[in-house]
Amino acid sequence: MLDFNEAVKDKVIAIIGCGGLGGNIAHLFARLNPKKIIVFDGDEFSLSNLNRQLCATKNTIGKKKVEVLEERLLACSNSEIETHPIFFTEKEIPLLESVDLILDATDNVRSRFVIEKAGKKHKIPVVHGAINGLFGQVAIIYPGDKTFEKLYPDKQEKEIQKTYSFAPSLIASIQVAEAAKYFAKEQELKPYEVLFIDMLSMDIKKVNI
Amino acid sequence: MEENNLVTVEFFGLYRLAYKKACVKVEAKNIEELFQKLYEMDDVHTPKELRNSIVLLNGKNIMELRKFKTKLKPNDNVVIMSPASGG
């Protein structure tokens, strides 16, 4: 019988980005009760976040995302929470030394290459997720894999379509499922496998890129 | 045009929205020509822009094959995808 609580109870995870994806990931993972959750985000909540970011409310606008998130997570989890009210750059890579897995919840291509580098440096996997409008994708990047070079060969930021609350929720749920399965050693995505999801037609493709 | 020279092209992600269809049949000898034919069909994306997409030929990334010179055979399946990058 699978026991994901048991599989994650001694694990430390880092969530990079606390927006649409990161807020959902943090809430979902906190209820699995890992040993520790480390979150990074230098941003504050704004009015435009209300439509899709779990911790964005009329009362939290202007507050640091990681601080609001910490309060919410402590209320629903026994995990230790460590917050970094800064954006994740090359300088922050050493802060992930004790981490067992990174969840990529950032919103830009440049940061993702830094996260991939952090995974390689610490020999830990990165569970990647991204959304654009009603489309999204999930992959596990194992240490040394160059998945982002295949996903974003031009390394350019992409045109962003308006998104809605259910899009980050769905992709975040799959990211947390893949992370939990990774720790439980249970049918997680293989290297260079990417799950592409079109929420408009509900067409789902698992492709080897 | 002979029917058996056609390849099936599936659009995924933003390309599906841009072309307003999920699938189209096109006659082309290689990926480069396919991009040109798609542009002639609908100028929503130039061949240069299409080079930034992820292109799978029968499930294999063309970057692992002969890139844009990769040859196409009748009844091949091409998927053109756009990676998401928001969070």
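The values are calculated or read from the model by the stated rules, or taken from the named source; none is laboratory data. Predicted, not measured: the structure shown is a model, and the values here were computed from it. Neighbour counts run over all protein chains shown; Cβ positions are idealised from the backbone, glycine included.
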Subset of region A:171-209 (residues that are within 12 Å of another protein chain (Cβ to nearest Cβ), of a type outside the set (S, T, N, Q), crowded, with 17+ Cβ neighbours inside 10 Å and on the phi < 0 side of the Ramachandran plot): A:Ile171, A:Ala172, A:Val194, A:Leu195, A:Phe196, A:Ile197, A:Asp198, A:Met199, A:Lys205, A:Val207, A:Ile209
Within region A:96-209, considering only strands (runs of 3 or more DSSP E) that don't extend past its boundaries, which have at least 1 residues that are within 26 Å of B:Leu65 (Cα to Cα)? A:126-132, A:135-141, A:193-198, A:203-208
Residues of region A:97-124 satisfying the condition of being within 14 Å of chain B (Cβ to nearest Cβ) and either of a type in the set (Asp, Glu) or over 15 Å from A:Gly17 (Cβ atoms) (or both): A:Asp104, A:Asp107, A:Glu116
Scan region B:23-49 residue by residue and report those that are within 12 Å of chain A (Cβ to nearest Cβ) and either surrounded by 14 or more Cβ atoms within 10 Å (Cβ to Cβ) or touching a His at 6+ places or on another chain (Cβ under 7 Å) (or both). B:His45
Hey, among the residues in region B:59-87 that are within 11 Å of another protein chain (Cβ to nearest Cβ) and touching an Asp or Glu at 6+ places or on another chain (Cβ under 8 Å), which one's nearest to A:Gln53 (Cα to Cα)? B:Gly87
When you go through (1) touching a helix residue (DSSP H, G or I) at 6+ places or on another chain (Cβ under 7 Å); (2) crowded, with 18+ Cβ neighbours inside 10 Å; (3) facing chain B (nearest Cβ under 8 Å) one by one for A:Val127, which number turns out not to apply? (3)
Considering only region A:53-65, state which residues are surrounded by fewer than 17 Cβ atoms within 10 Å (Cβ to Cβ) and not charged (D, E, K, R). A:Thr57, A:Asn59, A:Ile61, A:Gly62
Looking at (1) at pLDDT 95 or above; (2) aliphatic (A, V, I, L, M); (3) in contact with a helix residue (DSSP H, G or I) (Cβ under 9 Å, 6 or more places away or on another chain), find the lone condition where A:Leu134 falls short. (1)
Subset of region A:23-52, residues surrounded by fewer than 17 Cβ atoms within 10 Å (Cβ to Cβ) and part of a helix (DSSP H, G or I), comes to A:Leu47, A:Ser48
Return the only residue of B:Lys21, B:Lys48, B:Lys73, B:Lys25 being assigned to a helix (DSSP H, G or I) and basic (Lys, Arg). B:Lys48
Among the numbered criteria (1) at pLDDT below 95; (2) acidic (Asp, Glu); (3) assigned to a strand (DSSP E or B), which single criterion is violated by B:Glu10? (1)
Which residue, of A:Asp154, A:Asp145, is out of contact with any strand residue (DSSP E or B) (no Cβ under 6 Å at 6 or more places or on another chain), acidic (Asp, Glu), surrounded by fewer than 24 Cβ atoms within 10 Å (Cβ to Cβ) and at pLDDT below 95? A:Asp154
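A quick yes/no check of all residues on (1) farther than 21 Å from A:Asn5 by Cα; (2) among the acidic types (Asp, Glu):
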{"site": "A:Glu159", "(1), (2)": "yes, yes"}
{"site": "A:Ile174", "(1), (2)": "no, no"}
{"site": "A:Glu178", "(1), (2)": "no, yes"}
{"site": "A:Phe183", "(1), (2)": "no, no"}
{"site": "A:Glu188", "(1), (2)": "no, yes"}
Selection from region A:45-79 of residues that are under 20 Å from A:Ala130 (Cα atoms) and of a type outside the set (A, V, I, L, M, F, W, C): A:Ser48, A:Asn49, A:Asn51, A:Arg52, A:Gln53, A:Lys65
Among the residues of region A:66-95, count how many are outside any helix (DSSP H, G or I) and either of a type in the set (Ser, Thr, Tyr) or buried (at least 18 other Cβ atoms within 10 Å of the Cβ) (or both). 6
Just need a number here: residues in region A:69-85 that are out of contact with any Asp or Glu (no Cβ under 7 Å at 6 or more places or on another chain), hydrophobic (A, V, I, L, M, F, W, C) and within 17 Å of A:Ile16 (Cβ to Cβ). 2
Residue check for A:Ile124: under 15 Å from the mean Cα position of the chain (by Cα) and farther than 27 Å from A:Arg52 by Cβ: yes
